[in-house]
Amino acid sequence: MRLGLNKFIVIIVASVLSLGLTSGAFAEALGGDYTSLLCPASLGIPERPYVDAELEEDDTHMAADEADLIENGISTLIGNAEITRNTQQVRAETIKYNQTEDTADLSGNVNYWDADLFLDSNDAFLQFDNGIGEFSNADYILKESRGRGTAEKLVLDIGTRTDMEKLEYTTCDPDDKFWSFTASSLSLNHESNYGKARNVLLRIKDIPVFYTPYMSFPLSNERKSGFLAPSYGTTNRNGFEFRTPYYWNISPNMDATLTPRLLTDSGVMAMGEYRFLHKRGDGRINLEYLPSDNGRNDDDRNLFGLKLNQSFLSKGDISINYNRVSDKFYFEDFGSQLSTTSTRYLQQMGEISYRGNNWNILTRIQNYQTVDRSIAATSKPYKRLPQVAFKYDQPKENNQLRLGIDSEIVYFERDGDDALLNNVNGLRFDMSPYISFPMSTAATFLEPKLSLRYTQYALDDNSLFESSPNRVLPILSLDSGVFLERETTVFNTAYFQTLEPRLYYLYIPHDGQEDLPIFDTGLYTFSFNSLFYSDRFNNPDRVGDANQITLAVTSKLINQNSGKSLGSLSFGQIFYFRDRKVTLPGLADRDDDTSSLIAAFDTNIINDTRISADFQWNPYVSNSTEKITFQARYNPAPNKVLNFSYRVVRSNEVNRVRGFDSLGNSATDIDQTDISFNWPLINNWSVVGRWNYAIPERRSLEIFGGVEYESCCWGVRAVARRFLSNIDGEFDTGVFLQMELKGLAGIGKKTVEFLKQQIPGYRSEF
């Protein structure tokens, strides 16, 4: 007999969905080391009786202080009477077992154990053959969910029905019952997977907070239509905000969420999300509409979003990602106040791709809506109407000639005044076949590679360029490296120390290319990885002339037993044999003999602490340090983390010429510190916070702080935030509150995703 009372936790969760609260089963919420920090190991369940016998499946074992055993009759067990069958055990002061009918009457301090269930009852009647059990005045504990409760009467027909009268449920400890859930009756139909309850009441600290005379609910993870958790908060821009989502379970693979959003300073916004899922794809549609925004001259405000992914013919994919808002202020005004509002572009794209053996083809139509007011007209991205790309890449095998090709054809278009925006619309065809011969041993590698880059344009009528310019350039590279190692000891631990020098040579002849337009091409961000790129430009409108060699070296410490890296240190620099004459418009030739020196460092040599740093130094400018990043994280426990970072980025010639800094000075420099933390205090209380500070401006870009309380049965979080909300230098302030009754419901705005983004290493279970 298996008494499936563990299904009861699902009842509570599903009921909450019907009540208008967001459900979250505590059994899934807690786990691992984090659980042990909050919850005591013991649930107060008595130790199961020890059975000193080897039992076969379905064997019945009986024991007692006194026993009157009657074969094929009624046996009486008195004093510590026990019956064990499979994973179920019962104990009582008296048990009368009817062997013929396979039933048992239990009286006096009845205890029942199963894999996830413990019951304590005054008396009980069990029918072992058909799985029916009746318990009176029962206390129950669910081990997996840490739930507990009482029922005046509990009747189980395993796999068919469960009926209870005057029941209570909570996940709190008996001596600290913060909340409880009661009902006068409960009936569960396990065949139809639905249940119903009457006179349902939620209490917090014995104070009634919610009542409903009737509800129905699913018994499984099956979704059910109903209101979800309301959320609320306040900000400077919109005033007080309140949302009440309604969830509509349309079908097993289709649902929708409809949300009225009240903004006291703007009006009432209607929000909707539709989702579907099938064997070959999925999709989502988002709609938002606010008529007559009081905060924006009574203008109508709206948002539309569509995402679609669909596979076909086993190796093909169709993808659509289309997004649009009514105006550039939309995300500043209505973006989630617990997330950044720094969206610059909204993508509007559709593509079809197909994969073959070592090749793939892609067709794409792409446009962007610019929503960042700081972006100049000349910096707005081009439309791709359309783009077709083909790639063949032979598998990289040692000592085998390798062939491949990258190619694409794109039509670029950008709206606007040609004279004002220097707009040039037209077609670009680019093809780059290559041949390489990778060779390697256990300690060395060498890969020569030769490619030919051909680019042809067909431009619309314009006054800036010829109608059909082209370019053909060979690209020669040679990549090589050595892997050396030795055994060493650090802090009495055996390590391998590696030394990995790498040499990369690149040659590209000079071609002026001033007769070619710039559609989508810029310089790569200079980094350690970019030392080994075959071109300093990221797209085909420019191919940088090069005669250069990169020298780099990396050293690592690797634990001989675990294989875990203790740390690494890398240095690299490019040495130029000639000046670089190919530049972006408005930039001068570069005649430096070397690139900036790049250094990268990473280590966790100190327990629970990881430190990483990057350094970029230019010997040819007066303020020679171009970039510094330093990051340190101390994380001794899942709920303890302290982060510190420091970042310096100097403005460069490229940024100044392209209009990021019209004055040509250090106004665009980044010099910031960032501190974030999640740290426990006492009695399950902890603090969270972040401070992002701009040193030259002497102002905080973002600062927030809050407190959390989390126990096994409930949690509460309050966060206050002040942040730079737009390019006009205006700040916004918000205060947000979240509460969760674990195993039951959450109330308020979900802040956990925001905190995970803002505090690296942050962990919380509500």
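Only the coordinates and a few stated rules stand behind these numbers; no lab work does. Fair warning: this is a prediction, and the values are worked out from it, not measured in the lab. When we count neighbours, we look across all protein chains shown, and the Cβ atoms used for this are built from the backbone with ideal geometry, even at glycine.
Can you work out the FRET efficiency for the pair Leu69 and Leu43, with r the C-beta to C-beta distance and R0 = 30 Å, to the nearest 0.05? With a Förster radius of 30 Å, E is 0.30. Charged neighbours of Asn309, selected by a Cβ distance under 14 Å, balance to +2 (K, R count +1; D, E count -1).
Each of Asp116 and Asp608 was given a label point 7 Å from its Cα along the Cα-to-Cβ line. The distance between the two points is 3.4 nm. Quote the relative contact order of the stretch 345-438 in percent (integer), defining contacts as alpha-carbon pairs under 8 Å separated by 6+ residues. RCO, the stretch 345-438: 23 percent. Of the GluC sites (Glu not before Pro) found in the stretch 64-125, those in coil by DSSP whose Cβ has at most 14 other Cβ atoms within 10 Å are Glu71, Glu101. Cross-link pairs exceeding 26 Å in C-alpha to C-alpha distance, out of Lys96/Lys166; Lys307/Lys742; Lys315/Lys391, comprise Lys96/Lys166; Lys307/Lys742. Taking label points 7 Å from Cα along the Cα-to-Cβ direction, Tyr693 and Gln310 give a separation of 5.5 nm. Computing FRET efficiency as 1/(1 + (r/R0)^6) for Ser185 and Asp157, where r is the C-beta to C-beta distance and R0 is 22 Å, gives about 0.85.
For the pair Ile361 and Ser480, the difference between a 0.36 nm per residue extended length and the Cα-Cα distance amounts to 39.7 nm. For the chain, the longest principal axis of the C-alpha atoms and the axis of helix 8-19 are separated by about 60°. Listed by chain and number, the aspartates and glutamates whose C-alpha is less than 18 Å from the C-alpha of Lys328, apart from same-chain residues fewer than 8 away, are Glu288, Asp293, Asp298, Asp299, Asp300, Asp372, Asp415, Asp728, Glu730, Asp732. Listed by chain and number, the aspartates and glutamates whose alpha-carbon sits under 16 Å from that of Lys564, ignoring those within fewer than 8 places in the same chain, are Glu485, Glu487, Asp602, Asp608. Potential lengthening of the chain between Phe577 and Glu487 amounts to 28.6 nm, from the contour at 0.36 nm per residue minus the alpha-carbon distance. Magnitude of the charge dipole for the chain, about its Cα centre and with charges confined to Cβ atoms of Lys, Arg (+1) and Asp, Glu (-1), is about 2260 debye. The fraction of all Cα pairs in the chain landing in successive 10 Å bins from 0 to the largest distance is 2, 10, 15, 18, 19, 15, 10, 7, 3, 1, 0, 0, given as whole percents. Under the convention that each Lys and Arg Cβ holds +1 and each Asp and Glu Cβ holds -1, the size of the dipole of the stretch 476-534 around its Cα centre is about 360 debye. Straight Cα distances below 12 angstrom link Lys581 to the aspartates and glutamates Asp511, Glu514, Asp545, Asp589, Asp591, Asp592, with same-chain residues fewer than 8 positions distant left out. Modelled spin-label separation between Tyr646 and Met254, with each label point placed 7 Å from Cα along the Cα-to-Cβ direction: 5.9 nm. Considering only Gly404, Pro540, Pro638, and ranking their Cα positions along the charge dipole of the chain that arises from unit charges at the beta-carbon of Lys, Arg, Asp and Glu, the one farthest toward the positive end is Pro540. Over the stretch 274-315, Cα pairs under 8 Å with separation of 6+ residues give a relative contact order of 39 percent.
Relative contact order (percent) for the chain, with alpha-carbon contacts under 8 angstrom and 6 or more residues of separation? It comes to 7 percent, rounded to a whole number. Gain on full extension, evaluated as 0.36 nm per residue between Glu730 and Gln757 minus their Cα-Cα distance, stands at 7.5 nm.
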